[in-house]
Amino acid sequence: MPTDFDTTTVEFDEETGVGHLTLNRPDAMNALSSQLSEDIVAGLRALNDHNDDGVDMCVVVVEGAGGNFCAGADINEFSEGPPTTEVDRSHYRFIQEYPLPVIAKIRGYCLGGGLETAMSCDFRIADTDARFGLPEVNLGIIPGAGGVQLISRLANPSVAKEIAMTGKHLPAERGAELGIFNDVHAPDELDDAVDEFAETLASKPPLSIQAIKKSATMATQTGLREGIEYDADTFKPLLATEDHQEGVRAFAEDDYEPEFQGK
Ligand code: COA
């Protein structure tokens with residue numbers, strides 16, 4: 001059953017273990033009003049609440065209603081003064097620290113805060129008509145939620161400077177070449193490609209998936225030695241999980257697909 005917030009809709013598919021969150025301000029190209037930002041957090045929280053009694057929901061797909069992912073921060077709110085939400089309590093940080101993997105499914109425009117939202121997700125999969133960029137320079141500001149930092153890590157600092165200093169819109173295929181997007185598909189193939197990828201992630205042992213997300217985040221934030229020690233510490237308790245036993249049993253018996261429970 002879908003749950004409506006003011007500006008987002010969330011839906012959980014019990015059969016696949018995939019949750020869906022839709023940015024729902026299509027008349028404004030899903031521009032990020034402060035309400036939309038709050039609703040993204042509330043929607044993701046509601047989806048993860050399904051996991052109170054174990055891990056049923058394993059992955060979330062975020063997309064925009066009306067043919068665009070998101071055209072950035074709501075420029076109409078700029079006249080009301082600087083954003084009141086600090087970056088460490090923003091939806092960007094919430095997605096980055098969300099325990100489950102989040103896939104951004106991108107059609108149409110993915111600009112400014114929309115691109116920062118997508119880059120806060122774990123994966124970005126777009127259709128060939130999608131266009132992305134950081135146009136804030138044209139408003140005499142910079143991307144305020146880490147856009148330059150995030151592109152610098154996904155691609156490199158020179159690419160980040162080019163995109164942020166020119167403010168130009170680039171085609172999704174260029175994003176894939178640069179490593180900013182994971183994959184690009186023909187528009188009529190995007191839904192199936194994202195479903196297939198999400199369901200693949202959802203079929204894996206959830207505790208491993210969550211641990212890998214944390215490890216990859218650590219890789220961008222710590223030194224190599226500290227990161228490797230973190231992985232070694234995370235690895236040991238996973239050896240004691242039922243899902244580890246299930247994976248080993250399925251490998252040894254070689255005649256059935258393992259079913260993981262998140263335990
Ligand atoms: N904030 C608020 N409203 C926005 C918006 C934004 N970031 N981006 C688009 N919209 C609104 C427009 O005001 C317009 O609303 P209206 O129909 O009530 O006038 C509607 O969305 C459609 O946008 P429009 O500009 O008419 O469409 P377009 O196809 O000509 O251009 C864009 C699309 C995305 C290129 C253009 O809207 C744009 O440049 N938006 C701003 C992008 C930006 O600078 N983002 C970073 C902000 S920091």
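The values are calculated or read from the model by the stated rules, or taken from the named source; none is laboratory data. In this text the structure is predicted, and so the values were computed from the model without any measurement. Here Cβ is always computed from backbone atoms with ideal geometry, including for glycine, and neighbour counts include all displayed protein chains.
Before moving on, here are some points about what is shown:
- Just one of the listed residues (L44, L21, L36) is away from the ligand (no atom under 14 Å from the Cβ) and closer than 20 Å to A130 by Cβ, namely L21.
- Close pairs (6 angstrom Cβ cut-off, 6 or more residues apart or separate chains): more than 17 Å from G43 (Cα to Cα) and in the same structural domain as I75 (by TED's automatic domain parsing) in the stretch 10-28, surrounded by fewer than 17 Cβ atoms within 10 Å (Cβ to Cβ) and among the acidic types (D, E) anywhere: T16/E199
- The residue that is farthest from the chain's Cα centre (by Cα), among those in the stretch 222-263 that are in a helix (DSSP H, G or I) and of a type in the set (V, I, T), is V248.
- The condition (being touching a residue at least 60 places away in the same chain (Cβ under 8 Å), within 16 Å of the chain's Cα centre (by Cα) and either buried (at least 22 other Cβ atoms within 10 Å of the Cβ) or within 16 Å of the ligand (Cβ to nearest atom) (or both)) is satisfied by just one residue among A130, A145, A126: A126.
- Residue list for the stretch 163-190, filter: free of Cβ contacts under 8 Å to residues at least 60 places away in the same chain, assigned to a helix (DSSP H, G or I) and either β-branched (V, I, T) or surrounded by 15 or more Cβ atoms within 10 Å (Cβ to Cβ) (or both): I163, A164, T166, R174, G175, A176, L178
- Qualifying residue in the stretch 70-92 (condition: within 30 Å of T128 (Cα to Cα), more than 16 Å from the ligand (Cβ to nearest atom) and either among the aromatic types (F, W, Y) or within 16 Å of the chain's Cα centre (by Cα) (or both)): no
- Flag if A193 is in a helix (DSSP H, G or I), touching a His at 6+ places or on another chain (Cβ under 9 Å) and surrounded by 15 or more Cβ atoms within 10 Å (Cβ to Cβ): yes
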